[in-house]
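What follows is calculated from the coordinates using simple rules that are stated; it is not laboratory data. Owing to the predicted nature of the structure, the values given are computational and were not obtained by experimental measurement. Counting neighbours? That spans all protein chains shown, and the Cβs are built from the backbone with ideal geometry, glycine included.
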Amino acid sequence: MTFLRPHADALCSAVVALVFLLASTGLSGCQSPTPPSSYAARVGSHYLTEADLAEMLATMGPVRDSAEARRQAIDQWVTRMLLYREAERLNLDADEEVQRRLQRQRRSVLASAVRSRLAEKADVRPTAAEVRTYFERHKEQLRLREPYVRIQYLATADRAAARTVRRALRTPPAPPDTTWARLVAEYAVDTTRARQLSRGFVPQGRLDHQVPALADRIDGLQEGQTTPIVEASGRYHVLRLDRRIPAGTPPELDWVEAEIRRRLRIRARKQTHATEVQRLRNRAQANGALELP
């Protein structure tokens, strides 16, 4: 076995990770003797295209400063490519240990690709009948683990608008409640979010993440009460608690339907994976390709 110098040994680790990171995710960019029509960066004959950059940025999730995120993504790509080129210059991919690690990584990447393919194959929408059947069979296990609440919440751009909304929310609505729809349309900064959060019952703990400005005020509310106006992140937040269902209550289907659908999709993926692995095991045994102690 060849023993590498310390700096080469570090690059040995880098080349293994980089080969599969760049190749499997497409982050190696475009390699061409002639430049593409447009690109964000170049290292040798490797070009980071705008499409590749957009893919990198998409993995970062929401960011506050898009220009800074773009700069960081380009810098990361350049660093990776410089290390990759140096590893190639040192011919590290010919080292025996590197070859073994590359082979292990190759097997791992390909096995993960098969798992992803199987997950996509099993990722089907459960039918309404399947959801209902699961609900009836597991109703006891689906008892609420925490309080569920139904709220009316929105954030406005100025305090005067927030006062108007709060006054309206403190007046009990007469069915049908058209007041809330009007308030959202007229005052909400984010109408989609306001409608989604007010559509039905949600776990109270989830609101700690969805409306953090009011998280410490929800627990003390009684049904029909409205929070004081809270200013946060340049907006004015108002929330009324319409109803709270205590923990331990048997749920209605619409309260837990999203969770049931999530469970059914996970179960389908596991079943598909187990079935495919057993099929491969049977085929390998039949072909004499599998030996077990």
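With a Förster radius of 30 Å applied to the C-beta separation of D158 and D219, the computed FRET efficiency comes to 0.60.
How high is the relative contact order of region 157-261, given as a whole-number percent (alpha carbon pairs under 8 Å, six or more residues apart)? All intermediate terms of the calculation are to be shown ahead of the outcome.
On the way: 87 pairs, mean separation 30.9, N = 105.
This gives 29 percent for region 157-261.
Treating the angle as unsigned and between 0 and 90°, give the value, to the nearest 10°, between the Cα long axis of helix 6-25 and the longest Cα principal axis of the chain. Between the helix axis and the principal axis of the chain, the angle is about 60 degrees.
The mean sequence separation of alpha-carbon pairs under 8 Å and at least six residues apart, normalised by the residue count of region 82-194, gives a relative contact order of 21 percent.
If R0 is taken as 30 Å, the Cβ-Cβ distance between T179 and A247 corresponds to a FRET efficiency of 0.50. At 222 nm, what value in deg cm²/dmol follows for the chain if DSSP H runs of at least 4 each add -39500 (n - 2.57) and the sum is divided by all its residues, to the nearest 500? -18500 deg cm²/dmol, from helical runs alone. Tally Lys/Arg at +1 and Asp/Glu at -1 over every other residue whose Cβ is under 15 Å from the Cβ of E231; what's the total? That sum, taken over residues with Cβ under 15 Å, equals +3. Modelled label positions at A274 and A67, each set 7 Å beyond Cα in the direction of Cβ, lie 5.5 nm from each other.
What do you get for GluC sites (Glu not before Pro) in region 210-286 restricted to DSSP loop and a cutoff of at most 14 other Cβ within 10 Å of the site's Cβ? Let's see the in-between values first.
Details: sites: E223, E231, E252, E257, E259, E276; in loops: E223, E252.
Answer by residue number: E223, E252.
Shape verdict for the chain, please, from the Cα gyration tensor: rounded (a/c under 1.5), prolate (a/b greater than b/c) or oblate.
Numbers: a/c = 3.16, a/b = 1.61, b/c = 1.96.
Oblate.
On the beta carbon distance between Q210 and Q105, with R0 = 35 Å, the FRET formula returns roughly 0.35. Shape class of region 221-269 from the Cα gyration tensor (axes a ≥ b ≥ c, square roots of the eigenvalues): oblate, since a/c reaches 1.5 or more and a/b does not exceed b/c.
E96 to A128: extension gain in nm, 0.36 nm per residue of separation minus the Cα-Cα distance?
On the way: separation 32, 0.36 × 32 = 11.52 nm, distance 5.56 nm.
Extra length available between E96 and A128 comes to 6.0 nm.
Less than 5 angstrom separates the built amide H of D190 from those of A155, all sequence-distant by 5 or more or on a different chain.
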